[in-house]
């Protein structure tokens, strides 16, 4: 079993669906942060069989929890201080997400006006349905 | 300041007030003939729609206001690449209220977010056409005296027909409405509509033949199969003549059933039906002007 050292201050994203960690790495824009990141792929999991884990050494406030919740609200977010888990953040589906995904409707105004932000609004919490704020097209992208 | 993007932007109580005002305009047009004096309506039509544009212009002129605008994107600064956001900022300096039609869905909403004057969505692609829905509701309410306790048949293009989707969403807010969807398999009402009806326990049926449901209907809403909503010419040609309402098909219908149509029609209602007292589609056009007059007054917050 591969060993990755523990972090002193930062967060651990656990229970990421196997193979999805790189997509989350990009959506959280971790590539733009100057911090240590460990990407663990296909770790063994009792609950999931296989899972991914991301360990990031940086201030928790730098993490966009809304984006993370949209991508997968089943991910566990452990906040680490002094090498210990001090909090577990619960993820709730954001009411609105901005510039995370693009509207694919060729008839949507965002298809011709490039400067417009791509905004999706949660319209059905139970079914986790997001719709484009402008054309109301259902979001068909899940990570 | 309020805009109108979606027929559901108004509560049913607000709609009642709007329709009362429209009915008062119908009865006393002279009382409102100078209500908008000194006010200007800009009709910004990025795609041609003579009927809707003229209805808006007629409404404003009947209120004593003035109109300006363009009828086609090629005659506007959009042809030079100007964004909707910029255009509305300019229009806000020229007019007091704007009616916008745009082929791209959500364009009027973008305009409303940047506008300092009320914006009315006069149709955005296949998305919304709220003043058509207000017209339909006012017609039904004025001719039937109510907006509840109906079996309504919607016939034709129920897949792409935005007027149909908007009308369904508006009618589900009233009690005891039953829908019968009459369409070929390819143009069936989208799943999200039937799912919504199931969730709200609103009864509906889907049938293919108009003849199968005619005697049950209190209202029949006919639609045109619109060429511009198809990506494929072959599909359009195959489906455009699927339903034609004629005298024979009207025979088993109730004596007080109303036939509505958002117009323009092509051939889906035979001209022989026009003289039938149940044909309400030309009255609907007149109600369209009244409801737009009431809407302009409401959004401009003008009391008469």
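Each value in this text was obtained by applying a stated rule to the coordinates, not by laboratory testing. Computed from a predicted structure; not experimentally measured. With ideal geometry, Cβ positions are generated from the backbone for all residues, glycine too; neighbour counts draw on all protein chains shown.
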When ranked by the protection proxy of mean other Cβ atoms within 10 Å per residue, highest first, what sequence do the peptides B:45-51, B:149-155 form?
B:149-155, B:45-51
Answer check: region B:131-285, Cα atoms, Kirkwood Rh, Rg/Rh ratio of 0.93
DSSP beta bridges in chain B: the antiparallel percent, rounded to 5, is 5 percent
What is the angle, in °, between the Cα long axis of helix B:162-171 and the longest principal axis of the Cα atoms in chain B? Nearest 10 is fine, range 0 to 90.
80 degrees
At what distance in angstrom do the alpha carbon centres of region B:165-212 and region A:1-61 lie from each other?
47 Å
Using label points projected 7 Å from each Cα along Cα→Cβ, tell me how many nm separate residue B:201 and residue B:241, to one decimal.
4.6 nm
Can you give the average number of partner chain beta-carbon atoms within 10 Å of each beta-carbon in peptide B:119-129, as a whole number?
2
Helix B:281-299 against the longest principal axis of chain B: what's the angle in degrees, Cα atoms only, rounded to the nearest 10?
40 degrees
Protection proxy ranking, peptides B:159-172, B:99-112, average beta carbon neighbours within 10 Å, highest first:
B:99-112, B:159-172
Measuring from a point 7 Å past the Cα of residue A:15 along Cα-to-C-beta, which residues in region A:30-51 have an amide N at less than 15 Å?
A:45-51
Distant alpha-carbon pairs in region B:21-145 (separation over 26 angstrom), percent:
22 percent
Summarise the partner chain shielding of A:100-108 as one whole number: the mean count of Cβ atoms from other chains within 10 Å of each residue's Cβ.
3
How well do other chains shield peptide A:112-123, expressed as the mean number of their Cβ atoms within 10 Å of each residue Cβ?
2
Taking the protein assembly as shown, how much of its Cα-Cα pair set, in percent, is spaced more than 39 angstrom apart?
35 percent
If one takes the longest principal axis of the Cα atoms in chain B, at what angle in degrees, from 0 to 90 and to the nearest 10, does the Cα axis of helix B:12-27 lie?
80 degrees
proj_area_mean for region A:10-89 (convex hull on C-alpha atoms), units nm², value 4.9 nm²
